[in-house]
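Participant: What follows is a structure written as structure tokens; I'll ask about it next.
Any read-out appearing in this document is the output of simple, stated calculations on the displayed coordinates, not a laboratory observation. Here the structure is a predicted model, which is why all the values come from computation and not from measurement. Virtual Cβ from ideal backbone geometry, glycine too; neighbours counted across all protein chains shown.
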Amino acid sequence: MAILLIIDTALEEAIVALSKDGKLIAELTNTETHSHASFIQVAIANLLESQNMTLSELDAIAVTLGPGSYTGLRVGLASAKGIAYTLQKPLIGLSTLGALAFAAIKLVPKDIEAPYQIFSMIDARRMEVFGAIYDAACNPILPEQAIVLDESKWQQLIQQPTICIGNGITKTKDFKVAQNVLYHDTLYTSKELVEMAMIKWNAGQFEDLAYVGPNYLKEVYIVPSK
């Protein structure tokens, strides 16, 4: 019976959760983006205490690798790697865009039949999104990438009925398409993260602690202080 610690600080809301045998048993969230770093360790301690558990009882640590906030991704991964290394437990890496696709599957209307595609989008400022397209089984069709959206690019990507999900969809609603497009301005929850983590746990798909890093999808630009 696997006990997993889930850490997600990639987006606006941070999530720290515990799952047992694929079921969510406890979670804490934080909506103050700039305080994710101070939230994580306290949340982990409080969750474990609420379940009368210790860190040593964990079987693995799962963490979102991105894409998302540069700072958030570093904070979450550093905490997850530190715990995994100290306890010598497996580290499971999760995709935020993949989690959106898992959430979208649950929102598909019953009258829409495959083939259809899921377009996961995270706002990357201006007319750019971090995006990926998946089929009805959440298998990637278009790999994760930074996409600058315009009418021409949109027409190219939407070649079949599409479920669009994520906080990047507001940039696409004015684009015209011939296909049926549904929009869900929502994000994933801890339940989708647990679902994905268990799939990787059962498959033995773990990250190499020495080499795993955040999936930024584009270069990090640091402005020198004046």
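Participant: When a footprinting reagent is the concern and you count Cβ atoms within 10 Å, what order do R126, R74 take, fewest first?
Facilitator: In increasing order of surrounding Cβ atoms, one gets R126, R74.
Participant: With the cut-off at 26 Å, tell me which of the pairs K89/K191; K106/K218; K171/K218 have Cα atoms farther apart than that.
Facilitator: K106/K218
Participant: Could you check what % of the DSSP bridge pairs in the chain are antiparallel, to the nearest 5?
Facilitator: Roughly 60 percent of the beta bridges in the chain run antiparallel, per DSSP.
Participant: What FRET efficiency would be calculated for the residue pair Q159, T33, taking the C-beta separation as r and a Förster radius of 25 Å, to the nearest 0.05?
Facilitator: 0.10
Participant: Anything in the chain that counts as a DSSP H helix reaching 24 Å or more along its axis (C-alpha) with Kyte-Doolittle mean of at least -1.0? List them, would you?
Facilitator: Those that clear 24 Å and a mean of -1.0 are 70-87.
Participant: Straight-line reach from K110: which aspartates and glutamates have a Cα under 18 Å away, not including same-chain ones fewer than 8 places off?
Facilitator: D135
Participant: Follow-up question, since we're still on this one. In nanometres, what is the gap between the two model label sites at I199 and E49, each 7 Å from Cα along Cα-to-Cβ?
Facilitator: Result: 3.6 nm between the two label points.
Participant: Below 12 angstrom from the Cβ of G66, what's the summed charge of the other residues (Lys, Arg +1; Asp, Glu -1)?
Facilitator: 0
Participant: Can you tell me the equivalent ellipsoid semi-axes for segment 8-94? Use √(5λ) from the Cα gyration tensor, largest first, whole Å.
Facilitator: 20, 15, 12
Participant: Also: Relative contact order for the chain using alpha-carbon pairs under 8 Å, separation at least 6, rounded to a whole percent?
Facilitator: Computed over the chain, the figure is 19 percent.
Participant: Let me ask something else about it. Under a plain spin-label model, where a point goes 7 Å from the Cα along Cα-to-Cβ, how far apart in nm are I112 and D150?
Facilitator: 2.8
Participant: Please give the net charge around S120, taking every other residue with its beta carbon less than 14 angstrom from that of S120, where Lys and Arg add +1 and Asp and Glu add -1.
Facilitator: -3
Participant: Using a 10 Å cut-off around each Cβ, can you sort S69, S120, S38 from fewest to most neighbouring Cβ atoms?
Facilitator: Least to most surrounded, the residues fall as S38, S69, S120.
Participant: How would you rank I6, I25, going from fewest to most other Cβ atoms within 10 Å of each one's own Cβ?
Facilitator: I25, I6
Participant: Provide the net charge surrounding E207, with neighbours chosen by a C-beta distance below 11 Å and charges set as Lys +1, Arg +1, Asp -1, Glu -1.
Facilitator: For residues surrounding E207, the net value is +1.
Participant: Tell me the Kirkwood hydrodynamic radius of the chain in angstroms, computed as one over the mean inverse distance between distinct C-alpha pairs.
Facilitator: 18.2
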